Amino acid sequence: LAAKGPKSVDTLHRELGKVMWDKCGMSRTREGLDEALREVRDLRQRFCEEVRIPGDGALNVELEKAGRVLDFIELAEVMILDAREREESCGGHFREEYQTEEGEARRDDARFCHVAVWEFAGEGKTPTRHVEPLEFETVALATRSYK
């Protein structure tokens, strides 16, 4: 193993968690999501240079954990990309730019009544977003009030 950097896997994992909590958490902004995307991509670049994995190639819990954290970094990037695409507030996705004067979520069913999935486009490339419209036959879409 040649991973002899200055930072533990746990330290880099916490860095990722802080970025996601602060900028892609419950309340989001386009500016914060743009910053988060830059920071997560930077963390991906730094990870292999800065990570320290003690032990050898035998059963190695830290090596296994490092692989999972790299997966989390990839997932974080897709989550941020998807949150940036959704220019509305709905359910657990709240964009500060898309709220009513009373601070309630402002949906945009005309543009975002769909499911989205992201397709891996290759290492170092931005994934491709695919959407499929949702069709409701029994219950009509409506904005809920939590007041």
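Below, the figures for the structure above:
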quantity: Dipole-positive endmost among L59, P6, L43 within the range 1-69 (Cβ charges, Cα centre); calculated: L43
quantity: Under the span-like rule (Cα at least 18 Å along the axis, Kyte-Doolittle mean at least 0.0), DSSP H helices of the chain; calculated: 61-85
quantity: Where GluC sites (Glu not before Pro) fall in DSSP loop in the range 13-104, at most 15 other Cβ within 10 Å; calculated: E87, E96, E97, E101, E102, E104
quantity: 3J(HN,Hα) from dihedral phi, the range 110-120, Karplus parametrisation 6.51/-1.76/1.60, rounded to Hz, x for glycine, proline; calculated: 4, 9, 10, 8, 7, 9, 10, 9, 10, 9, 4
quantity: Top positive-direction residue, dipole computed over the chain with Cβ charges, set F72, C113, A83; calculated: F72
quantity: Neighbour cut-off at most 13 other Cβ (10 Å), DSSP loop, chymotrypsin sites (Phe, Trp or Tyr not before Pro), the range 95-147; calculated: F120, F136, Y146
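Every number in this text was worked out from the coordinates using simple rules, so none of it is lab data. These figures come from a predicted structure and were not determined experimentally. Here the Cβ is made from the backbone with ideal geometry for all residues, glycine too, and neighbour counts use every protein chain on show.
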